[in-house]
Amino acid sequence: MIEVLAKLGRGPVFLAGEVLECVITFTNPLSASSTSASSEMLAWASAQIHCQFHASENRVALPPSDGSKHDVQAENETVFVPNRGERGQCILSTPPKILFCDLRLDPGESKSYSYCETLPVDGPPSFRGQSVKYVYKLTIGCQRVNSPIKLLRVPFRVLVLHGLKDYQFPQDEAVAPSNPFLEEEEGLKKDSRLADLATELLMVATSRRSLHLYNISNTRGKVGTFCIFKTVYKIGEDVIGTFNFSEGDIPCLQFSVSLQTEESIQEEFQRRRGQPVSFTVHARHQESCLHTAQSSFSLPIPLSSTPGFTTNVVSLKWRLHFEFVTSGESTGTCLVRGSQTEPVTWTGVEQMEVDTFSWDLPIKVLPTNPILASYVSQFSSTNSITI
């Protein structure tokens with residue numbers, strides 16, 4: 001029996017273009033109850049990164065794939081096929097790397113190997129939507145002599161930030177910016193600088209503030225104004241907006257604001273022409289606002305959500321969806337006296353005419369620092385199997 005342990009040292013979230021490093025340890029455990037311990041032999045072990053694409057058959061029409069070739073290879077037990085048994089299509093993969101050949105482990109002995117690979121910058125981000133899914137995995141294949149291949153899959157998350165692949169690092173490492181508070185190995189300097197560059201680009205893009213004012217009105221007049229100071233955010237931030245109903249001609253009884261993503265399939269891949277777009281609500285604020293002069297809301301963008309992106313199959317966009325309930329009467333307080341003997345007591349009317357309308361405001365959501373996103377990731381940094 002051999003235990004195989006794979007550990008992602010920095011966490012399970014990466015930026016496209018970063019170097020993924022995984023330490024893989026092979027151990028021949030020494031059991032206390034074992035009376036006759038013996039050496040174990042592994043013929044070989046390899047590792048490879050791949051991205052699996054899965055689409056809903058009811059919503060997405062994809063051209064036929066050449067998956068039959070992988071099925072033929074899977075019958076040969078000496079061929080390393082990382083996506084064997086996986087659903088969907090393998091749309092992206094890195095070259096396989098051999099970790100070792102002919103490894104012998106004595107009882108209680110273990111050996112570790114470091115696998116490093118740069119994540120492709122032209123791939124899609126990790127995404128689990130209603131119509132399509134993009135899932136990244138590091139697959140480690142190993143084989144005993146005269147035994148079938150065993151696969152250890154390490155799922156991880158990839159964030160894509162456009163513009164990183166066009167950046168050219170200085171040739172002189174000495175003049176390159178670095179973090180003096182972190183101890184870095186020589187091989188990880190460029191990877192660390194890439195994360196620092198991404199953080200800087202995100203900070204510049206999301207820190208620009210300018211006043212955006214929108215008039216809220218229906219067919220009968222003005223309801224109020226809406227104010228927001230920026231429309232570009234990164235995951236983990238809060239979307240904050242304010243309302244001013246004091247200058248409105250139409251009383252607003254209630255409003256709700258939803259933070260939504262819009263998942264749409266590109267026209268050439270739609271199962272039915274003109275099929276509806278899929279919406280997902282990530283946060284919602286609802287408030288009754290009759291006789292309210294000003295109000296506000298704060299909606300958090302989950303760190304586990306996917307920033308906006310576009311591929312040849314699907315497009316994901318973010319928006320704020322507003323719904324307003326207004327009084328059908330242009331004037332009046334919408335209140336009546338409760339009793340003639342108590343002129344200061346007022347109660348709400350039992351019935352009233354109302355109008356409803358909605359409004360959508362597109363916003364842009366970018367990735368964040370992958371280390372921050374690792375804290376809430378559903379994936380584990382450590383995975384293991386026994387062969």
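Rolling a 1.4 angstrom probe over segment 219-258 with all protein chains present gives an accessible area of which 51% lies on carbon and sulfur atoms.
Note on residue 232: accessible area approximately 40 square angstrom, rounded to 10, probe 1.4 Å, nucleic acids and ligands left out.
Here the gap between residue 244 and residue 349, fully extended at 0.36 nm per residue and compared with their Cα-Cα distance, gives a gain of 35.4 nm. Counting Lys and Arg as +1 and Asp and Glu as -1 over every other residue whose Cβ lies under 12 Å from the Cβ of residue 360, the net charge comes to 0.
Given 137/230; 111/133; 7/150, which pairs have Cα atoms separated by over 27 Å? From 137/230; 111/133; 7/150, over 27 Å: 137/230; 111/133.
Distance from the C-alpha centroid of segment 191-222 to that of segment 103-142: 34 Å, rounded to the whole angstrom. Converting phi to 3J(HN,Hα) with the Karplus coefficients 6.51, -1.76 and 1.60 and the offset θ = phi - 60°, segment 310-319 yields 9, 10, 6, 10, 9, 10, 10, 10, 10, 7 Hz in sequence order, with x at every glycine or proline. Residue 101 exposes around 90 Å² of accessible area when a 1.4 Å probe is run over every protein chain in place.
The simple Förster model, with R0 at 51 Å and r as the Cβ-Cβ distance, assigns residue 293 and residue 30 a FRET efficiency of 0.10. Highest-first packing order for the peptide set 314-325, 238-249 is 314-325, 238-249, based on the mean count of other beta carbon atoms within 10 Å. In this label model, residue 272 and residue 256 are separated by 2.5 nm, measuring between points 7 Å along each Cα→Cβ vector.
The values are calculated or read from the model by the stated rules, or taken from the named source; none is laboratory data. Quick caveat, the model's predicted, so the values are computed rather than measured. Methodologically, a virtual Cβ is constructed for each residue, glycine included, from the backbone with ideal geometry; neighbour enumeration extends over all protein chains shown. Calculation scope for accessible area: heavy atoms of the full protein, side chains included, ligands and nucleic acids excluded. Shrake-Rupley method; radii C 1.70, N 1.55, O 1.52, S 1.80 Å.
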